Amino acid sequence: GMEFGLYLSVDSARTWTRVASLPTTRYDDILVHPRTKDVIVGTHGRSIWVLDDAAPIAEWSSAVAAKPVHLFPVRPATLFQYWEDFSYRAQGAFAGENPKDGALISYHLGRSASKVTVTITTPTGRVVRTLAGPTSPGAIQRINWDLRYNPPPPSGQRGGEEGGTSESLPRPPRDIGDRGPFVAPGSYTVTIDADGATMSRTVVVRPDPMLPLTVAQHRTREAFLLEVGGAQTGVAQVGDRMTALRRQLTERRQAAGEGSAARVSADSALSRLAALERTVRAG
């Protein structure tokens, strides 16, 4: 830490590079957290800055820089099952931003890639999540896996009746979005693919220490929620097919002449389709 900036060396102090993302001010103290390897920097009058998981910097080398893709070790992640998704006591205004929940995945690209895909799989090879990552070379890139499966299809839509348009169902006042279920605690494989160049690491997912569940109970809940998600997917696929059919019938009705047999047939089919949609929504 210097009078006007923070400098970084990855070759035992032979050369130094200024950390350009920080403000021009005096840096008074630097601490590497012994448990999480976060870098905590204290400045003179410009607050405290935290770099979550600085382990990739310690692993950096010329060999890493020369590889087409390098995936850094992923530190263990912990499930956090909150009672609430937000605070209502205002203390958040006096606290710094916490890192995102989940696994922090860091990687480096030796050259620009047209597509970067990060895939998380179980020990049996089942795909849990597929994420897209930044494609720019040079810097250490990062994405976050929230320890969840892919979200099920949104359930906030209902089809209109007899050719009407779809209508959104009410959402909660503070909508947290559509999210998939948590994975069960265990080991998972993280694989990065940058235009065919691949590398894999293992990440350990730990259970929520405040949740009195066994690993077997976590897995039972995971299996149940995946079954529910599969049912949601099936319902969504049926809804998509009914929407497409309603559109076809509406176009056929509009093309038919007034009072023609084709229009009467289309009206009848639209009525039956609307009745089927009501049955699906009620069921």
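The values are calculated or read from the model by the stated rules, or taken from the named source; none is laboratory data. Values in this document were obtained by computation on a predicted structure and should not be read as measured data. In this analysis, Cβ positions are derived from the backbone assuming ideal geometry, glycine residues included, and neighbour counts consider all displayed protein chains. The protein model used for the area step is the full one, side chains on, heavy atoms only, and it has no ligands, DNA or RNA in it. Shrake-Rupley method; radii C 1.70, N 1.55, O 1.52, S 1.80 Å.
When R201, R272, R219, R241 are screened for being open to solvent by 60 Å² or more (accessible area, probe 1.4 Å) and in contact (Cβ under 8 Å) with a residue 60 or more places away in the chain, only R201 passes.
Determine if the stretch 80-100 includes at least one residue that is open to solvent by less than 60 Å² (accessible area, probe 1.4 Å), modelled with pLDDT of 90 or more and either within 29 Å of M210 (Cβ to Cβ) or among the basic types (K, R) (or both). So far as the stretch 80-100 goes, no, none of its residues is open to solvent by less than 60 Å² (accessible area, probe 1.4 Å), modelled with pLDDT of 90 or more and either within 29 Å of M210 (Cβ to Cβ) or among the basic types (K, R) (or both). Taking the stretch 244-269 as the range and being open to solvent by less than 80 Å² (accessible area, probe 1.4 Å), within 28 Å of P152 (Cβ to Cβ) and out of contact with any Leu (no Cβ under 7 Å at 6 or more places or on another chain) as the test, only A244 passes. For the stretch 244-283, filtering for residues that are of a type in the set (V, I, T) and modelled with pLDDT of 85 or more leaves 1. Of the residues examined, P173 is not one that is assigned to a loop (DSSP other than H, G, I, E, B) and at pLDDT 90 or above.
Among the residues of the stretch 1-16, none is identified as surrounded by fewer than 10 Cβ atoms within 10 Å (Cβ to Cβ) and in a strand (DSSP E or B).
Considering the stretch 25-77, the qualifying strands (runs of 3 or more DSSP E), each wholly inside and each with 2 or more residues that are under 23 Å from the mean Cα position of the chain (by Cα), run over 48-51, 69-71. V235 meets the conditions (1) assigned to a helix (DSSP H, G or I); (2) open to solvent by less than 40 Å² (accessible area, probe 1.4 Å) in every case but one. The failed one is (2). Look through the stretch 133-157, keep the residues that are touching a strand residue (DSSP E or B) at 6+ places or on another chain (Cβ under 7 Å) and open to solvent by 80 Å² or more (accessible area, probe 1.4 Å), and return whichever of them is modelled with the highest pLDDT. That would be N150. Only residues that are within 17 Å of L71 (Cα to Cα) and in a strand (DSSP E or B) were counted in the stretch 188-226, giving 15. Of all residues in the stretch 121-146, those that are within 17 Å of A55 (Cβ to Cβ) and assigned to a loop (DSSP other than H, G, I, E, B) have Cβ atoms under 8 Å from Cβ atoms of residues that are open to solvent by less than 30 Å² (accessible area, probe 1.4 Å) and modelled with pLDDT of 90 or more, 6 or more apart or on another chain, in A139/H108. What residue, of P56, P76, P23, is surrounded by fewer than 15 Cβ atoms within 10 Å (Cβ to Cβ) and touching a Ser or Thr at 6+ places or on another chain (Cβ under 8 Å)? Answer to the check: P23. Within the stretch 27-42, restricting attention to residues that are in contact with a Gly (Cβ under 8 Å, 6 or more places away or on another chain) and surrounded by 15 or more Cβ atoms within 10 Å (Cβ to Cβ), the residue that is nearest to R148 (Cα to Cα) is V41. Evaluate the following for A256: is it more than 30 Å from P73 (Cβ to Cβ) and touching a residue at least 24 places away in the same chain (Cβ under 8 Å)? No.
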